[in-house]
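Worksheet: one structure, shown below.
The values are calculated or read from the model by the stated rules, or taken from the named source; none is laboratory data. This one's a predicted model, so the numbers in the text were calculated from it and none came from an experiment. A quick note on method: Cβ atoms are made from the backbone with ideal geometry, for glycine too, and the neighbour counts reach across all protein chains shown. The area values use the complete protein model at the heavy-atom level, side chains included, leaving out ligands, DNA and RNA. Shrake-Rupley method; radii C 1.70, N 1.55, O 1.52, S 1.80 Å.
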Amino acid sequence: ECACVSIHGANRLGTNSTMECAVFGRRAGKYMAKIAKKVNFLPLPQGQIKERLGEINTLLNRTPKTSLAEVREALEEGMTKNCGILRDESSLKNQLELIHQLKTAYQEIGLKGMPKEYNLALQEVLELKHMLNLSEAIVRCALARKESRGAHYRNDFPHRDDKNWLKHTLVFIEDEKYKLDYKPVVITRFEPEERQF
């Protein structure tokens with residue numbers, strides 16, 4: 001147990017990665033800040049800038065018909081209920097349907113009459129859009145992966161399947177459609193083993 005390969009050592013709790021995120025996220029951020037000072041960046045794509053500004057202006061000019069808080073709360077509750085640690089095909093499909101309904105509701109969120117400066121509601125609306133997209137990616141990956149691994153337990157596929165699923169899942173969004181792809185896990189020094197506790 002003392003040879004556990006994480007910063008928690010023998011005290012490593014299953015799926016307790018908050019410390020890893022805090023430590024290595026900070027280290028990665030500091031390193032990228034150094035690199036950013038030396039790199040010659042490509043010019044920003046003007047078409048994408050125009051598109052994003054158009055999205056922001058649409059939000060700022062749209063009269064709200066749906067509550068941001070209600071959409072976010074429904075997403076949070078649905079992900080907890082249908083895509084939590086214990087999940088199955090039925091609950092994941094229910095969550096995918098809910099996400100599609102919430103994406104439709106998102107189109108009725110508006111910020112008309114709110115100031116453009118220091119507008120935290122605009123930030124929250126844009127974050128909600130990304131939360132909806134990320135949630136759909138998570139659910140689609142969970143549906144595709146017919147096994148249980150780590151802290152993600154499929155009631156309908158209770159065993160780990162290294163033969164078919166020892167691979168990384170990649171998600172791409174092209175024209176608002178999700179595409180899954182995979183790449184192999186490169187095993188170096190430590191062979192993966194199933195937890196036995």
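Couple of notes before you dig in:
- Efficiency of FRET from Cβ geometry, residue 122 and residue 179, R₀ 35 Å, rounded to 0.05: 0.75
- Extension gain from residue 22 to residue 77, taking 0.36 nm per residue of separation minus the Cα-Cα distance: 17.2 nm
- Counting only protein heavy atoms and a probe of 1.4 Å, the accessible surface of the stretch 39-197 is 55% carbon and sulfur.
- Principal axis dimensions, largest first and in whole angstrom, of the stretch 74-147 by Cα: 48, 18, 17
- All lysines inside 20 Å of residue 179 as judged from Cα atoms, apart from same-chain residues fewer than 8 positions distant: 93, 103, 129, 146, 167
- Among the helices of the chain, those built from whole DSSP H runs whose Cα atoms reach 24 Å or more along their own axis and whose mean Kyte-Doolittle hydropathy is at least 0.5 are 120-144.
- Only one of [x] 28, 22, 14; [y] 23, 21, 16; [z] 35, 25, 17 was calculated from the structure for semi-axes √(5λ) of the Cα gyration tensor in Å, and its label is [z].
- At the residue level, residue 127 shows approximately 90 square angstrom of accessible surface with a 1.4 angstrom probe and all protein chains present.
- Computed [θ] at 222 nm, helices only, for the chain once each DSSP H run of length n ≥ 4 contributes -39500 (n - 2.57): -16500 deg cm²/dmol
- Antiparallel %, DSSP beta bridges [both residues in the chain], to 5: 85 percent
- Normalised contact order of the chain, rounded percent, pairs of Cα under 8 Å and 6 or more residues apart: 18 percent
- Full-extension gain in nm, residue 194 to residue 63, via 0.36 nm per residue minus C-alpha separation: 41.9 nm
- In the calculated pair-distance distribution of the stretch 47-107, the portion above 17 angstrom amounts to 52 percent of the Cα-Cα pairs.
- Counting only heavy atoms of the protein chains and using a 1.4 Å probe, residue 172 has close to 90 Å² of accessible surface.
- Mean accessible surface per residue for the chain, computed with a 1.4 Å probe while every protein chain stays in place, in Å²: 74 Å²
- Selection from 80, 113, 35 lying farthest towards where the dipole of the chain points positive, charges on Cβ: 35
- Inter-label distance, nm, simple model (7 Å from Cα along the C-beta direction), residue 53/residue 31: 3.6 nm
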